[in-house]
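Take a look at the structure set out below.
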Amino acid sequence: MNALETFGLGVRYGQSWAVRDCTLSIEEGHVVALVGSNGAGKTTLLHCAVGLTEATCGTISVLGDLRAGSDEALARVAFVAQDTPLYRHLTVTEMVEVAANLNRSFDLPFATARLRQLDIPAKRRVGKLSGGQQAQLALTLALARHPDLVILDEPLARLDPVARHDVMALVLSMAAEEGISVIFSSHVVSELERVADYLVLMAHGSLQLTGPIDEILASHTVLAGPADDADRVATQCSVVHVEQAARRVQLLVRHDQSVDIPPGWEASPPSLDELVLAYLRDPSVVGRSGPLALAATRAGGTLR
Amino acid sequence: MTIVKRETEKPRSPLIFRLDPRSGVPTYLQLVHQVEHAIRLGYLLHGDQLPRLKDVVASLSINPNTVQKAYRHLEQEGLIGARPGQGTFVLASPETVGLAELEALRKRLVDGWLRDAAAAGLDEEGIAALFASALRDFRERQSDTAHGSQLRRARAPREAGGVA
């Protein structure tokens, strides 16, 4: 079953497309990181997935074939928006009661137990909680509905490192215990590799790179070699990013299966950080297509 | 100073995982290495429980699939086994080296070789480099004679078709 599936999805605001030609299919059970620069279309895509924004063209469905935003879908999907919407003047206990009354299925014992575990003072007003505690409260209220899919828009923005760790730990332990799927958008590139196992990279409303992180890493290689040989090598494979130095050049290349390393060149696996940054720096690079694999060269070892 | 324990439940496993994000080693392999290391040094004994999936995930804030991948890897190596509904337990035991023996070896290293090396004027990095290179030589000489595995598997890996 797919947690999220889109086909030719497009959203237009006036003259400009916030999301265009977006075709995705993500199996359930993943923790998906949605990454892109400001204005890349991340929030619009997430809003489509919960029915807050209507698609201009194409289709989007969640948890198999449930139409995004339909009653059946909303009963099983939880969404926490960027600004953690809570009633600031209520106490924590009152906020939990409101959430319990507004939602058809709400696990009150679960919510109170979690909040106690998180050391969130029940009598304090929501507005007086720290940013991390507010994020944890919003998340707990979302998780208390025992959803099958949790969608989080920038859950880590505005949080300090400790709160970031605790919030992600809360989401991930729910993923471990109940096998729920998680989709979250983020600017924090450095922690992705630990937390997520599926990556969706967006630029200017289009998908730039998507797939399980293992596979993405395996299909990219950093080649370092002499600068005067760079043009020849660059014509033989799809280059994502070029780093120039005196006499030497470093290429991040994408390939389908194995790479024949050109003689005189060194190959090493990229880290997820450098890979994501390389794509973000050049939004015109689309990693899903293009001429792939280095042409066979006479000498040199084979990678993978 | 007193150490305040926030944990409501008593930890069941003697093992605590930690991650080094700068090591460049994939996260699941770091977990694998730490279990192997703990078994080798006798911190983890036959029958000891490994941290539960949700506890590892919550304490390190990492992807559950990563932990499962590490445990699957260790299971295939025959080092650990899962008991349904109970958890994951150590099947292997360290080869002959007991804690007392380890302590004696360590003492000989500290009071003997390390002291001599420091007296000869080697700094910490020099000592580490010399030890690493000597260990490499030693390993190469060993592997010429026999390839002795350092961990005794409790049972043959499944594909070898051991006795049940």
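General remarks:
- Cα centre as origin, Lys/Arg/Asp/Glu Cβ charges: chain A dipole, Debye: 740
- Charge tally around A:Pro155: other residues with Cβ under 14 Å, Lys/Arg +1 each, Asp/Glu -1 each, net -3.
- The stretch between A:Glu274 and A:Gln15 holds 89.8 nm of extra length on full extension. This uses 0.36 nm per residue minus the Cα-Cα distance.
- Here each label is just a point 7 Å from Cα along the line to Cβ, and for A:Phe7 and B:Ala128 those points are 5.7 nm apart.
- Between the alpha-carbon centres of segment B:101-120 and segment A:202-248 there is a gap of 49 Å.
- Averaging the Cα positions of each part gives two centres, and for segment B:22-49 and segment A:78-136 these lie 38 Å apart.
- Label point distance in nm, A:Thr235-B:Arg136, each placed 7 Å from Cα along Cα→Cβ: 4.0
- When Rg and the Kirkwood Rh are both derived from Cα coordinates, the Rg/Rh ratio for segment A:40-81 amounts to 0.94.
- The C-alpha atoms of chain A define a longest principal axis, and helix A:92-102 lies at about 90 degrees to it.
- Here the extension length gained between A:Ala227 and A:Thr23 equals 69.7 nm, from 0.36 nm per residue of separation less the Cα-Cα distance.
- Degrees, to the nearest 10: A:131-143 long Cα axis against longest axis of chain A: 80
- Sorted by Cβ neighbour density within 10 Å, fewest at the top, the residues A:Leu280, A:Leu207: A:Leu280, A:Leu207
- Net charge in the neighbourhood of A:Leu170 (other residues with Cβ under 13 Å of its Cβ; Lys, Arg +1, Asp, Glu -1) is -1.
- Cα-based reach from B:Lys69 at 13 Å (exclusive), listing aspartates and glutamates while leaving out same-chain residues under 8 positions away: A:Asp197, A:Asp214, B:Glu77
- Length gained on full extension, A:Arg158 to A:Arg125, computed as 0.36 nm times the residue gap minus the Cα-Cα distance: 9.9 nm.
- Radius 14 Å from Cβ of B:Asn65, net charge of other residues (Lys, Arg +1; Asp, Glu -1): -3
Readers should treat all values here as calculations from the given coordinates under stated rules, not as data from a laboratory. This structure is a prediction, so every number in the text was calculated from the model and none was measured. Counting neighbours? That spans all protein chains shown, and the Cβs are built from the backbone with ideal geometry, glycine included.
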